Every structure is written in C-alpha cells, then in structure tokens.
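Colleague: Okay, handing you the structure first.
Every read-out reported here was derived from the displayed coordinates using simple, explicitly stated rules and does not represent laboratory data. These numbers come from a predicted model, not from an experiment. In this analysis, Cβ positions are derived from the backbone assuming ideal geometry, glycine residues included, and neighbour counts consider all displayed protein chains.
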Amino acid sequence: MATEAEEFGAFRDFLASRPNLVGLAAFLVVFIGVGLLSDSILAAFLAAALGYGAGLILTPVHRQTYSSGIPVRGATREEMEGQLAEVRRRIRSHGAQLPPAAQHDLSVITVHLGEMIDRWDLVQQAPEQRLSIESLVYQYLPSTLDVFLRLPDSAKPAAAPEWTQQLRLLATEVSRSRDTVLKHDLESMRNNGRVLEQKFEDGDLKMFRENGL
C-alpha cells in the first residue's frame, strides 16, 4: 500500500501536472465568461466544471524521462512492450550485419524479456528487477546494437566472438531472472535485478565503451 508521503507526492505531482493546469485555466475562463453573460453563479460554476473536465481529459500527459528515455516514475507495461518491439524491429532489419550466434542470443533475451513484461505488475514489486529490465530495454540493448553496427564491416568479424560471448552471458542472466518471475519469487527477483545491474556496470561489452556504449 502507498505511504502517506507517496500519496502526498502523487497529489502534488497531479496539482503541478499539465492536464490539471489546463483544466484550471479552462475553469477560470469559462466561469468568468458565463458569469458575465448570466446572473446565475450556479450555471457559471457548472459550465466551468465541465470546462475543467474537458481540459483535464483532453490534455495529453507529459511524462518526465531520464536521458535514456526511461520514465522517471517508471515505465508502464505498454511503454515497455512498445520499446521492446522497437528493439526487435531493429534486430530484424539489421539481421544480415549481425553474427548468427548473436541473433540466437538476442532472440532468447527478447523472448524472455517479453515474458517478464507480460507480468509487469509482478516485476514492479521488485524495484531492482524493474530498473534493470527498463535499463536493458531502453538503453543497454539499443546501445550495444548501435555500437556493433557502427563498426566498419571489416572490423565486425574480429569483434563478433567477444560480443557474442557477452550476449550469451547476458542471456543466461536474463533467463534466470525470467525463471524467478515465473515463480513469483520476489527476493530472488530483487537479487537478480542487482546482478543484471552489476553486469551493466562492471564490464559487459567493455570493449565497446570507447565507441560510445
């Protein structure tokens, strides 16, 4: 359950949100306009309330994101599905430039990520797991694909073995995380999330860091 501090923070965020501000502006404009044309305060208030509701509903929500594109307050299941679909599209479109073994490991990774995203409500109960999966889908996989694809074609064969090996290790960790999610083991999910994050930070694909990873 949400704490009082979390509830207050959510209420504060709502007050400062664009839909609420647009709704309040619509409320004031309609209230003043109808009030000048009508002697009924009640009619002006009801019309203004409708104006507020329209402004609130029709104004798109602007979600704050980190530089990686991950929403500050966490990605929704729909956002994760869309981002993973884009990663899969890029893998398919550049398949001829990727080593066959790497394509297999990328397929394993994306399939297992998809299975965890299907259970996103559960994953969100383990913040470490959620953050590591968000980082994988939004930042790590797109970045490592970019780096490998930017290598000259003449350099790709020499780089492919290490890149494929690192992807295989990552696929193993993602598979382990997926198994714990299917088992609904929250403590293991937290631990696996920390392991994945550690692998991001401690040198996976470090040979590509100088190229922008």
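Colleague: Using only Cα atoms, locate the centre of segment 106-121 and the centre of segment 129-164, then give the distance between them in Å, rounded to an integer.
Modeller: So the two Cα centres are separated by 18 Å.
Colleague: Out of segment 157-186, which trypsin sites (Lys or Arg not before Pro) are coil in DSSP terms and have no more than 16 other C-beta atoms within 10 Å?
Modeller: Numbers: sites: R168, R176, R178, K183; in loops: K183.
Answer in residue order: K183.
Colleague: What does the charge count near P99 come to, summing +1 for each Lys or Arg and -1 for each Asp or Glu among other residues with Cβ under 14 Å from its Cβ?
Modeller: Every neighbour counted, the sum reads -1.
Colleague: Also: Go ahead and run the numbers for FRET between E197 and S154, Cβ-Cβ distance against an R0 of 35 Å, rounding to 0.05. Working shown, then result.
Modeller: Working: r = 34 Å, r/R0 = 0.98.
It comes to 0.55.
Colleague: In sequence order, what are the phi-derived ³J(HN,Hα) couplings for segment 110-126 according to the Karplus relation 6.51 cos²θ - 1.76 cosθ + 1.60 with θ = phi - 60°, rounded to whole Hz, with x for glycine and proline?
Modeller: Using θ = phi - 60°, the values come out as 5, 4, 6, 4, x, 5, 6, 5, 4, 10, 4, 4, 6, 4, 5, 6, 10 Hz.
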